[in-house]
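Working notes for the structure below.
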């Protein structure tokens with residue numbers, strides 16, 4: 001169970017924009033301990049933990065490659081401060097994430113320079129199953145309505161802060 005005095009897990013989130021200004025979202029395949037995925041709200045942008053001593057941009061690129069196979073990117077922006085969210089109450093079995101109360105995220109925006117064929121959700125960290133089973137390009141402003149309720153405030157903030165990158169390009 002998550003303790004009330006627990007800290008936040010260091011995390012990166014990745015907003016990957018295509019040439020049309022849409023952002024990549026993917027459908028989670030299952031809960032991950034306290035990170036519960038509610039039915040109908042399985043979609044999210046790639047995100048993942050930051051290893052001790054790891055550079056934020058390097059962590060974002062690693063997570064993006066592990067979760068989506070994407071490596072063809074250009075960094076186009078980063079939020080100046082971190083955003084945090086708390087997980088909903090967790091009463092399940094002991095889990096690697098249950099020592100934290102939620103996640104503190106650094107959000108980076110990348111422009112995708114590859115092709116849709118480069119996106120491969122079968123990639124995963126060594127020994128881990130893939131986190132996603134479907135992906136699509138979506139309008140940034142729609143994301144708050146597609147994610148689990150406990151992440152909506154962050155996604156609304158991202159929709160406002162990263163709107164400049166969502167401007168149509170092609």
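Every number in this text was worked out from the coordinates using simple rules, so none of it is lab data. Predicted, not measured: the structure shown is a model, and the values here were computed from it. Counting neighbours? That spans all protein chains shown, and the Cβs are built from the backbone with ideal geometry, glycine included.
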Query raised in the report: What is the order of 68, 73, 29, 115, fewest Cβ neighbours within 10 Å to most?
Result: 115, 29, 73, 68
Query raised in the report: For the pair residue 96 and residue 38, how long in nm is the line joining their label points, each one 7 Å along Cα→Cβ?
Result: 2.7
Report task. State the extension gain, in nm to one decimal, for the chain segment bounded by residue 157 and residue 58, taking 0.36 nm per residue of separation less the distance between their alpha-carbons. Result -> 33.3 nm
Report summary line: Expected max-MSF residue from 130, 94, 52 in the GNM of the chain (alpha carbon, under 10 Å) is 52
Query raised in the report: Among 47, 105, 82, which one shows the biggest mean-square fluctuation in a GNM of the chain, springs joining Cα atoms closer than 10 Å?
Result: 82
Query raised in the report: Can you give the angle from 0 to 90° between the axis of helix 152-161 and the longest principal axis of the chain, with both taken from C-alpha atoms, to the nearest 10?
Result: 30
Query raised in the report: So for 76, 154, fewest C-beta neighbours within 10 Å to most, what's the order?
Result: 76, 154
Query - Whole-number percent relative contact order across the chain, with pairs defined as alpha carbons under 8 Å at least 6 apart - result: 36
Report task. Calculate the all-directions average of the projected area of the chain's alpha-carbon convex hull, and give it in nm². Result -> 9.6
Report task. Give the order of 106, 30 when sorted by the count of other beta carbons within 10 angstrom, beginning with the fewest. Result -> 30, 106
Report summary line: If the label point sits 7 Å along Cα→Cβ of residue 74, residues of region 103-139 with amide N under 12 Å come out as 110-114
Query - Computed helical MRE - 222 nm, the chain, DSSP H runs ≥ 4 contributing -39500 (n - 2.57), nearest 500 - result: -4000 deg cm²/dmol
Report task. In nm, give the distance between the simple-model label positions of residue 117 and residue 51, each being 7 Å from the Cα along the Cα-to-Cβ direction. Result -> 3.1
Query - Global form of region 65-119, assessed from the alpha-carbon gyration tensor, a/c cut-off 1.5 - result: oblate
Requested in this report: Mind giving me the FRET efficiency for residue 133 and residue 20? R0 is 22 Å, r the Cβ-Cβ distance, nearest 0.05 is fine.
Outcome: 0.40
